[in-house]
Amino acid sequence: MDEETLGVFLKSRRDRVTPADAGLRTYGTTRRVPGLRREELAQLAGVSAGYYTRLEQDQAGTASRQVLDALARVLGLEAAERAHLHNLAARPSAPGLTHPASERPHRRVLALLESLGDSAPAVVLGRRGEVLAWNRAGHALTAEHTDFGAPGDPERRPSVPRMFFLDPLTRDLHRNWEELARVHVGYLRLTAGRHPTDGRLAQLIGELAMRSPDFAALWAEGDVADCTVGRMDLRHPVVGELSVDYQVWLQPESPDHRLEVYTPDGRASADALRLLADQAAGQGLREEAGR
């Protein structure tokens, strides 16, 4: 998988902005580029055409925050795309890959997870989408076909991106799989911009691109997205169809880790979640009694 640079990202976004989007008149002339010309973008952002050309060719060195913000304004970038733009601009010219140690969830995140009990399904996710911890209800809702104890072993931790694109059972679980797949890919791109030297992350992205045509196609589109709130429409093997809203809680002391909590959307989904939580709690008690 080719490395994304500031220049590559700028060009991909420039191609998406039409002259009409930018408030330019073309007087019916034929254009050879799908979006704005370099000169047009430079003029609208208040920089020289030569300087912008060097930026797009990754030959301009460090760009100032003011220039990046001006380009983001003209390109109509959303918040996650703006953050990605700044991350790419701050990236070393030739970053070397490292292999960070296995992630450990912060004790405050685990305390919050424990305080939820099984009243609300919840999952703690690491930087690369690995499950670092979950409660019984979160496991039963999102991955009941996996081992509940797997997150405790760094070598066996479930990887949500891998399951999402490589596991047929996970794909069948999500009725709005296509919508969520875009969010997963966009968030991986945002994370890759934040952590350009993470070799484990680069390996994950390369593996998914090689093994999943769906992932490769979505990655090629270049979208960037944050993952904070959303909706999952599920077809659960135990409780049938239900819909849940997810929201992400961040711990300032471990900003790469996310506590994802699921709440029901509607009374029928609330009943299904209660049934699932009760069954999960019962399973936990039976396992404790058998030890």
Q. So for region 127-172, taking the charge dipole from beta-carbon charges (+1 Lys/Arg, -1 Asp/Glu), which of 159, 170, 149 sits furthest toward the positive end?
A. 159
(Q) Can you pull out the GluC sites (Glu not before Pro) in region 185-291 whose DSSP state is coil and whose Cβ has at most 13 other Cβ atoms within 10 Å? (A) 253
Q: Let me know the charge dipole size of the chain about its Cα centre in debye, to the nearest 20, where only the beta-carbon of Lys, Arg (+1) and Asp, Glu (-1) is charged.
A: 840
Q) Contour minus end-to-end for residue 116 and residue 267, with contour as 0.36 nm per residue of separation and end-to-end as the Cα-Cα distance? A) 52.3 nm
Q. Along the charge dipole of the chain, which of 5, 59, 77 sits closest to the positive end, that is, farthest toward it, with unit charges on the beta carbon of Lys, Arg, Asp and Glu (+1, +1, -1, -1)?
A. 59
Q.
Compute, for region 52-148, the length of the dipole vector about the Cα centre, with Cβ point charges of +1 (Lys, Arg) and -1 (Asp, Glu) only. Units Debye, rounded to 20.
A. 380
Q | Gaussian network model of the chain, Cα within-10 Å springs - most flexible of 276, 112, 36 | A | 112
Q: Can you tell me the FRET efficiency between residue 145 and residue 12 if r is taken as the Cβ-Cβ distance and R0 is 30 Å, rounded to the nearest 0.05?
A: 0.20
Q. For region 30-102 and region 120-151, what is the separation of their Cα centres, given in Å?
A. 37
Q | Dipole magnitude (debye, nearest 20) for region 38-105, charges at Cβ of Lys, Arg, Asp, Glu | A | 220
Q: Mind checking region 63-115 for GluC sites (Glu not before Pro) that DSSP puts in a loop (not H, G, I, E or B) and that have at most 16 other Cβ atoms within 10 Å?
A: 78
Q. For the chain, list the DSSP H helices whose alpha carbon atoms reach 20 Å or more along the long axis and whose average Kyte-Doolittle value is -1.0 or above?
A. 177-194, 267-289
Q: Report the FRET efficiency, 1/(1 + (r/R0)^6), for residue 57 and residue 79, where r is their Cβ-Cβ distance and R0 is 41 Å, rounded to 0.05.
A: 0.95
Q) With point charges of +1 on the Cβ of Lys and Arg and -1 on the Cβ of Asp and Glu, referenced to the Cα centre of region 107-289, which listed residue (237, 250, 183) lies farthest in the positive direction of the dipole? A) 250
Q: Mind telling me which of 184, 86, 99 comes out most flexible in a GNM of the chain, alpha-carbon contacts under 10 Å?
A: 99
**Q.** Contact order normalised by residue count of the chain, Cα under 8 Å, 6+ apart, percent
**A.** 17
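Computed from the coordinates by the stated procedures, all read-outs in this text should not be read as laboratory data. Here the structure is a predicted model, which means the values were calculated and not measured. Cβ: placed from backbone, ideal geometry, glycine included. Neighbour counts: every protein chain shown.
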